[in-house]
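One structure is given below, encoded as structure tokens.
The values are calculated or read from the model by the stated rules, or taken from the named source; none is laboratory data. Small disclaimer: the values here were computed from a predicted structure and weren't measured. Here the Cβ positions follow ideal geometry from the backbone for every residue, glycine too, while neighbour counts run over all protein chains shown.
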């Protein structure tokens, strides 16, 4: 593994996020899903003795290229009645209000819409393919695609993650709102469960052999507030969106924030901020003892997570 990248944390704060130029919320989300790179520069094998398959990741350049090619279509969706096709597609999917399903729906729309317009070579053969052991469902595969450029059947397994980091910032140290969830655990599960599949049965194309596997993990990471110099591990993409989190009981750090200016984020704003919520919610989201609840907040356009100590168990709201 290559040496960590030593850079000031502020170098990679994404204040000029390219998705923010779009006005319609779902178009902004779609742009975010494309422009955001994979969190990983490489797949890390946390199960070397289980005889699992090789897993690849798309480079940051890959996603930058897909975003660039799709920008004209994003402008159309943002300014014409075509937006209705996007909203109908997303809202008719199962559990559209859950962030993971919303992420999957956005990527699925881009795959189908972009392939129909010859903007990329990925034809969707199947999605949400159920896995069985006898009559018992054991899991599912997110996307089965045919890459016409390379003549390969590809399995893409998706994850949208919003993780808070702590030193020494290894994959196990990036933890979710549910403190049992962390990056290493998610990657291990994907590699030893979904990515072990070789043959899949599809409704329209019969039985298909998987040639290549991709882990698509996107989202946002949050560093402890007031982190001045952060050394990027070699596996962490330097252009990945990184912001800040603060322990809700850390009064010293909280004193550096204008608490009166905070606005509790709506659940879907983990993707992109909705300005129309600014005047709809009270500035603070306090519990009965007047302590800020765990969650995402905005100080203006600056996202910040208020999060308890990592030993505390919190309901998974993602």
| request: Could you tell me whether residue 163 is more than 14 Å from the chain's Cα centre (by Cα), crowded, with 17+ Cβ neighbours inside 10 Å and more than 25 Å from residue 212 (Cβ to Cβ)? | output: no
| task | State which residue is surrounded by the fewest Cβ atoms within 10 Å (Cβ to Cβ) when the search covers only the stretch 184-203 and only residues that are out of contact with any strand residue (DSSP E or B) (no Cβ under 9 Å at 6 or more places or on another chain) and in contact (Cβ under 8 Å) with a residue 40 or more places away in the chain. | result | 192
| task | Identify all residues within the stretch 218-274 that are more than 23 Å from the chain's Cα centre (by Cα), in a loop (DSSP other than H, G, I, E, B) and either touching a residue at least 60 places away in the same chain (Cβ under 8 Å) or on the phi > 0 side of the Ramachandran plot (or both); write none if there are none. | result | 226, 228, 248, 249
| query | Do we have any residue at all in the stretch 124-144 that's under 30 Å from residue 305 (Cα atoms), touching a helix residue (DSSP H, G or I) at 6+ places or on another chain (Cβ under 9 Å) and buried (at least 19 other Cβ atoms within 10 Å of the Cβ)? | reply | yes
| Pick from the stretch 55-94 the residues that are under 26 Å from residue 194 (Cα atoms), in contact with a helix residue (DSSP H, G or I) (Cβ under 7 Å, 6 or more places away or on another chain) and touching a residue at least 60 places away in the same chain (Cβ under 8 Å): which of them is surrounded by the most Cβ atoms within 10 Å (Cβ to Cβ)? | 55
| request: Could you tell me whether any residue of the stretch 101-111 is in contact with a strand residue (DSSP E or B) (Cβ under 8 Å, 6 or more places away or on another chain), surrounded by 15 or more Cβ atoms within 10 Å (Cβ to Cβ), at pLDDT 95 or above and more than 23 Å from residue 174 (Cβ to Cβ)? | output: yes
| note | Out of (1) in contact with a helix residue (DSSP H, G or I) (Cβ under 8 Å, 6 or more places away or on another chain); (2) at pLDDT 95 or above; (3) over 28 Å from residue 210 (Cα atoms), the one residue 97 does not meet is (2)
| Residue ID - surrounded by the most Cβ atoms within 10 Å (Cβ to Cβ), chosen from residues in the stretch 21-54 that are part of a helix (DSSP H, G or I) and out of contact with any helix residue (DSSP H, G or I) (no Cβ under 7 Å at 6 or more places or on another chain) | 25
| said: I'm checking my understanding of the structure. Among residues of the stretch 232-267 that are at pLDDT 90 or above, out of contact with any helix residue (DSSP H, G or I) (no Cβ under 7 Å at 6 or more places or on another chain) and more than 18 Å from residue 307 (Cβ to Cβ), which one is surrounded by the fewest Cβ atoms within 10 Å (Cβ to Cβ)? | reply: 234
| request: Could you please give the count of residues in the stretch 159-198 that are under 22 Å from residue 52 (Cα atoms) and touching a helix residue (DSSP H, G or I) at 6+ places or on another chain (Cβ under 7 Å)? | output: 7
| Qualifying residues in the stretch 275-318 (those that are on the phi > 0 side of the Ramachandran plot and modelled with pLDDT of 85 or more) - the one surrounded by the most Cβ atoms within 10 Å (Cβ to Cβ) | 295
| Answer residue from the stretch 141-183, given it is out of contact with any strand residue (DSSP E or B) (no Cβ under 8 Å at 6 or more places or on another chain) and within 19 Å of residue 237 (Cβ to Cβ) and is modelled with the highest pLDDT among those | 170
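Give the number of residues within the stretch 122-177 that are farther than 20 Å from residue 224 by Cα and assigned to a strand (DSSP E or B).
33
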